[in-house]
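What follows is a set of notes on a single structure, which appears directly below.
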Amino acid sequence: MYRDMTCGQPRQSDSGKTITLSGWVHRRRDHGGLTFIDLRDFSGLMQVVFNEDSAPEAHALAGDLRSEWVIQVKGTVQERRVGADNPDLPTGTVEIIASELTVLNRSETPPFEVEDDLNVADETRLRYRFMDLRRPRMYRNMKLRHDVIQAARNYMVGEDFLEIETPILLKSTPEGARDYVVPSRVHPGSFYALPQSPQQLKQLLMVSGMDRYFQFAHCFRDEDLRADRQPEHTQIDFEMSFVEQEDVLQILEGLYTAMVRETRPDLEVPTPFPRMTYAEAIERYGSDKPDVRFGMEVSRLTDIVADSGFGVFESVAAAGGAVRAIVAPGCADYTRRQTDELIEFVKSSGAQGLIPMHIAAEADSLEEVTLEDIRSPIRNHVSLETLKEMARTTDAEPGDLMLIIAGPEQVVNVAISNLRVEMGRRLGLADPGVFNFLFVVDFPLFEWDDDRDGWAAMHHVFSSPRPQDVGMLDSDPGAVLGQLYDLVLNGVELGSGSIRIVDRAIQEKVFELIGHSPEQVEERFGHLLRAFQYGAPPHGGMGLGLDRIVMLLAGEDNIREVIAFPKTQAAVDPLFEAPGAITDEQLEELSIRVVESGG
RNA sequence: GGCCCCGUGGUGUAGCGGUCCAACACGCCGCCCUGUCAAGGCGGAGAUCGGCAGUUCGAAUCUGCUCGGGGUCGCCA
């Protein structure tokens with residue numbers, strides 16, 4: 001045994017014991033005849049004292065120690081002398097009086113210090129991830145991730161779900177994201193694809209009578225990265241037979257309250273999780289994943305300003321676009337510099353611009369506001385009555401700052417909802433101690449795809465329309481709502497799910513609507529549809545981003561912080577230098593020739 | 001694919017046309033020190049400023065291209 005205890009364990013009750021500890025040299029404080037070593041492992045720090053008088057050999061050796069060397073120390077646990085306690089350390093009331101020291105391994109000088117309050121470029125951290133992960137914060141995140149997984153597994157097992165693994169090497173399905181593909185050696189010119197989700201597999205498991213399935217599923221998507229998006233991520237994936245939407249939502253609520261309770265009992269989780277329709281979410285927040293911890297709802301001014309005399313508003317309204325606004329309470333004194341910043345912000349969210357409207361705090365009420373009280377680029381173009389009507393509609397008061405965005409509906413919604421979140425952040429409106437889960441339901445089944453000039457599945461092709469909407473599949477596809485639901489937490493989409501289609505006629509109709517020929521359907525989904533002809537139970541389920549919920553539970557704002565070996569924005573692993581070339585022999589075996597890109 | 005920000009010793013930053021063969025902090029190396037815990041004192045080494053091409057009498061500093069990193073819009077069934 002290299003150790004009797006871990007570094008963070010010994011307490012006053014252990015004093016007098018002779019123990020052996022192993023770990024990394026966190027810091028050395030050499031006082032000449034007396035040397036202190038902070039010995040570190042995953043569990044914490046322990047101060048080790050080397051005294052020239054009592055252990056000359058160990059003391060001499062301790063003088064050679066350097067940061068991150070791996071050592072083994074034998075010594076006696078002792079209460080620290082009066083006044084020498086370190087209240088910052090859990091082990092700060094004791095220390096080890098070393099009698100023996102063994103150097104187990106040396107270390108090069110580290111590229112950065114193993115400290116939590118680290119300020120090092122992400123790429124450097126990833127290049128030396130094995131050092132980066134030694135930081136207590138990273139261990140905490142990995143441990144939290146572990147605990148979240150255990151809590152989820154316990155809950156799912158308790159609800160009679162079966163944990164079943166599904167293959168990673170499967171077939172490309174041309175829906176959705178780009179696939180990562182793997183060439184087949186045995187079948188030259190053929191490729192496996194890594195799963196974007198185990199969607200079809202879990203549906204097959206339902207047809208197989210497995211009743212309730214779950215899995216921590218690795219999912220791969222070859223799309224551009226973001227702070228909360230990696231090329232591979234882990235989903236808590238589950239599917240249930242003989243259920244309706246509400247049954248699935250009940251499981252979700254139970255699962256997530258359990259996960260939070262087990263890992264962050266300090267957080268407040270209001271239950272039951274509220275249900276909000278997609279339409280309501282868009283109307284009130286401009287987003288299908290609203291942060292409902294605070295108000296600042298989005299108003300619609302299109303009708304009021306359609307004939308206001310302000311050209312931008314009029315042309316947007318005439319083109320069928322939207323004029324929407326939020327109110328930043330008490331922000332009428334924002335400076336030009338501050339509003340310019342906000343303009344840059346909304347531009348980066350895709351909007352053309354942003355029109356601020358300051359309502360001076362001097363007036364006692366909105367009705368007493370005069371043109372003098374209003375500061376805005378539209379002030380000289382729009383009548384006072386219209387300005388007031390805009391303020392009334394948004395519930396703006398004297399002293400408030402209205403922020404108005406005009407443009408195509410979807411562009412406005414993206415920008416105004418991002419702006420709302422940004423203002424909420426600036427004004428400190430969102431309580432970080434509250435986890436406000438929200439079910440967004442009744443998503444449209446289809447959305448119009450301008451590129452393809454046709455309907456596309458909002459979620460995926462197997463999601464079922466609401467029974468009452470089936471009749472509209474022919475007459476008005478855009479109005480058909482699905483048995484589709486998202487779980488949203490504090491403005492972050494955690495996952496999507498649906499009740500699946502098991503009726504062949506409806507399935508064929510859906511394929512037809514999104515422009516799949518029977519041949520394409522057979523090619524892409526024949527296996528699943530054939531299975532459905534052999535007795536498919538009604539079923540539904542969900543895929544949930546594990547990394548994101550762990551990120552939120554950890555209080556991190558980047559998903560890389562809760563993934564042991566994440567990739568950079570260019571989908572590179574700087575430690576492995578992946579992806580990399582393969583040998584000519586490998587290429588030969590795979591019948592692959594690499595050609596220069598045409599440019 | 002678009003937009004924005006960043007790239008200076010090991011790490012993080014300062015310098016933003018000559019006074020910079022580059023400053024500071026931490027780290028590193030050496031010496032001293034028996035109670036420190038971001039130990040302390042003294043001394044020292046270490047970057048030609050991501051790369052290339054230009055502008056200029058002169059560039060870390062300006063311009064163009066390029067590479068790398070981060071954020072974001074598109075994209076992500």
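The values are calculated or read from the model by the stated rules, or taken from the named source; none is laboratory data. Treat the numbers as computed from the prediction; the structure is a model and nothing was measured. FYI the Cβ positions are ideal-geometry reconstructions off the backbone, even for glycines, and counts take in every protein chain you see. All accessible areas refer to the heavy atoms of the entire protein, side chains included, with ligands and DNA or RNA removed. Shrake-Rupley method; radii C 1.70, N 1.55, O 1.52, S 1.80 Å.
Among A:LEU21, A:LEU39, A:LEU45, which is surrounded by 17 or more Cβ atoms within 10 Å (Cβ to Cβ), within 9 Å of RNA strand B (Cβ to nearest atom) and under 24 Å from A:TYR139 (Cα atoms)?
A:LEU45
If you scan the range A:409-442, which residues turn out to be within 16 Å of RNA strand B (Cβ to nearest atom) and open to solvent by less than 10 Å² (accessible area, probe 1.4 Å)?
A:VAL412, A:ALA415, A:ILE416, A:LEU419, A:ARG420, A:MET423, A:GLY424, A:VAL440
Can you tell me how many residues within the range A:308-356 are more than 16 Å from RNA strand B (Cβ to nearest atom), farther than 26 Å from A:PRO398 by Cβ and either crowded, with 19+ Cβ neighbours inside 10 Å or of a type outside the set (A, V, I, L, M, F, W, C) (or both)?
Residues that pass the stated criteria total 6.
Where the second residue is assigned to a loop (DSSP other than H, G, I, E, B) and the first is closer than 15 Å to A:GLN199 by Cα and lies in the range A:147-168, which pairs have Cβ atoms under 8 Å and are six or more apart or on separate chains?
What qualifies is A:ILE164/A:MET210; A:THR166/A:PRO195; A:THR166/A:PRO198; A:PRO167/A:PRO195; A:ILE168/A:LEU194; A:ILE168/A:PRO195.
Give A:HIS31, A:HIS26 a once-over and let me know the one that is within 10 Å of RNA strand B (Cβ to nearest atom) and either touching a residue at least 12 places away in the same chain (Cβ under 8 Å) or open to solvent by less than 20 Å² (accessible area, probe 1.4 Å) (or both).
The match here is A:HIS26.
Scan A:ALA363, A:ALA332, A:ALA325 and give me the residue that is within 27 Å of A:ARG425 (Cα to Cα), hydrophobic (A, V, I, L, M, F, W, C), out of contact with any Cys (no Cβ under 7 Å at 6 or more places or on another chain) and part of a loop (DSSP other than H, G, I, E, B).
Result: A:ALA332 is the single residue among A:ALA363, A:ALA332, A:ALA325 that is within 27 Å of A:ARG425 (Cα to Cα), hydrophobic (A, V, I, L, M, F, W, C), out of contact with any Cys (no Cβ under 7 Å at 6 or more places or on another chain) and part of a loop (DSSP other than H, G, I, E, B).
Does A:SER99 satisfy the criteria of being open to solvent by 50 Å² or more (accessible area, probe 1.4 Å) and within 30 Å of A:PRO537 (Cα to Cα)?
no
Only residues that are open to solvent by 60 Å² or more (accessible area, probe 1.4 Å) and either more than 15 Å from A:LEU590 (Cα to Cα) or part of a loop (DSSP other than H, G, I, E, B) (or both): list them for the range A:177-188, please.
Selection gives A:ARG178, A:TYR180, A:ARG185, A:VAL186, A:HIS187, A:PRO188.
Where the second residue is outside any loop (DSSP other than H, G, I, E, B) and the first is farther than 22 Å from A:GLY545 by Cα and lies in the range A:186-214, which pairs have Cβ atoms under 6 Å and are six or more apart or on separate chains?
The qualifying pairs are A:PHE191/A:VAL181; A:PHE191/A:PRO183; A:TYR192/A:VAL182; A:VAL207/A:ALA531; A:MET210/A:LEU162; A:ASP211/A:SER241.
Mind listing whichever residues of the range A:445-464 are over 19 Å from A:ALA177 (Cβ atoms) and surrounded by 21 or more Cβ atoms within 10 Å (Cβ to Cβ)?
A:LEU445, A:SER464
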